[in-house]
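Presented below is the structure to which this report refers.
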Amino acid sequence: MSTESGMKPRFLLVEDDPPTRIYLREIATMLPAKVDVASTCAQAARMARKRSYDLWLFDANLPDGSGAGLYQQLLADPEVGKRAPVAIAHTAEIDMDYLDKLCACGFKEVVRKPITPAGWLGALRRGLGLQAASIEDLEEWDDDHAIRALGDFSNVDKLRTLFVSELPEMQSKARVAVQEGDDTALRDVLHRLKASCSLVGAKRLLESVRTLSADRSCPKAFAAMDEAFEVTLATFRTTGSA
């Protein structure tokens, strides 16, 4: 694959829900990219044996198995395994132990549903090793996403207020973890931030957390997240429902 030479990367997207499959495929083509789709593990395995891909995009739960099982099956195949690309999982699961297990089995990143276009494209670009859109260019708060996630304005306002009250402590924990080289503590902070940022629509901070999660040893990524903390605190607002 070489996006710089004008060649589009090719992805294998495995998703059994038709509307979600169409949605994720259409967003991915905006990268731009070519996207082959499958709805089952068996179909995906046949396709992966026939050609090489630049990314595997696997739903964690499929009608005839799991995304993790499919990934391990393909890695164990002598022909497919040696040309296996980066794999990204997507799931509606929120249990952190479950998400950790997906990462432990080899997925570079796990994208949680509901998936936004920016979140999906960001994961794809990171999977390809491409520079994501500048974090500094992102809006700090996404009211529409927060309201879709929480149902009404009052819920958004309550949880945003709680979220912001906890941010200074989270920022401090992240700084200490980086200073002391405590990767376990840093991962814990990032996991907690991913869930809460997504819920309340803290868009810029969420993207910076995802970027650092992809490379926790990157000083530039940590600096961007630390700045996003400050900007998020400085621009805190409710939806104005009160």
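Per residue of the chain, the DSSP helices (runs of n ≥ 4 H) give a summed -39500 (n - 2.57) that works out to -18000 deg cm²/dmol at 222 nm.
Spin-label model, Val231 to Gln73: label points 7 Å out along the Cα-to-beta-carbon direction sit 4.3 nm apart.
3J(HN,Hα) along the range 103-117: 5, 5, 7, x, 5, 5, 8, 10, 9, 8, 7, x, 9, 8, x Hz, from the Karplus curve 6.51 cos²θ - 1.76 cosθ + 1.60 with θ = phi - 60°, whole Hz, x for Gly and Pro. Loop-located trypsin sites (Lys or Arg not before Pro) in the range 4-90 (DSSP state not H, G, I, E or B) with no more than 15 neighbouring Cβ atoms inside 10 Å: Arg51, Lys82, Arg83. Near Val111, the amide H atoms lying under 5 Å from its own belong to Ala89, His90, Thr91; only residues 5 or more places off or on other chains count, and H is placed 1.01 Å from N. Once both axes come from the Cα atoms, what is the angle between helix 203-214 and the longest principal axis of the chain, in degrees from 0 to 90, rounded to 10? Helix 203-214 sits roughly 50 degrees off the main axis of the chain.
DSSP beta bridges confined to the chain are antiparallel in about 15 percent of cases. Quick check on my link table: of Lys50/Lys101; Lys82/Lys113; Lys34/Lys194; Lys108/Lys220; Lys50/Lys113; Lys34/Lys113, which ones sit more than 26 Å apart, alpha carbon to alpha carbon? Long pairs (Cα-Cα over 26 Å): Lys50/Lys101; Lys82/Lys113; Lys34/Lys194; Lys50/Lys113. When only Cα pairs below 8 angstrom with a gap of at least 6 residues are kept, the range 12-128 shows a relative contact order of 24 percent.
Relative to the longest principal axis of the Cα atoms of the chain, the long axis of helix 67-76 lies at roughly 50 degrees. Once backbone amide H atoms are built at 1.01 Å from N, Ala38 has Leu13, Val14, Glu15 as its partners under 5 Å, excluding neighbours fewer than 5 places away on the same chain. Sites listed here are GluC sites (Glu not before Pro) in the range 1-68 whose DSSP assignment is loop and whose Cβ has at most 13 other Cβ atoms within 10 Å: Glu4. Within the listed set Thr211, Thr232, Thr184, the Gaussian network model of the chain (springs between alpha-carbon atoms below 10 Å) gives the highest mean-square fluctuation for Thr184.
Values in this text are rule-based calculations from the coordinates and carry no lab data. No experiment lies behind these values; they were computed from the predicted model shown. We place every Cβ from the backbone using ideal geometry, glycine too, and count neighbours over all the protein chains shown.
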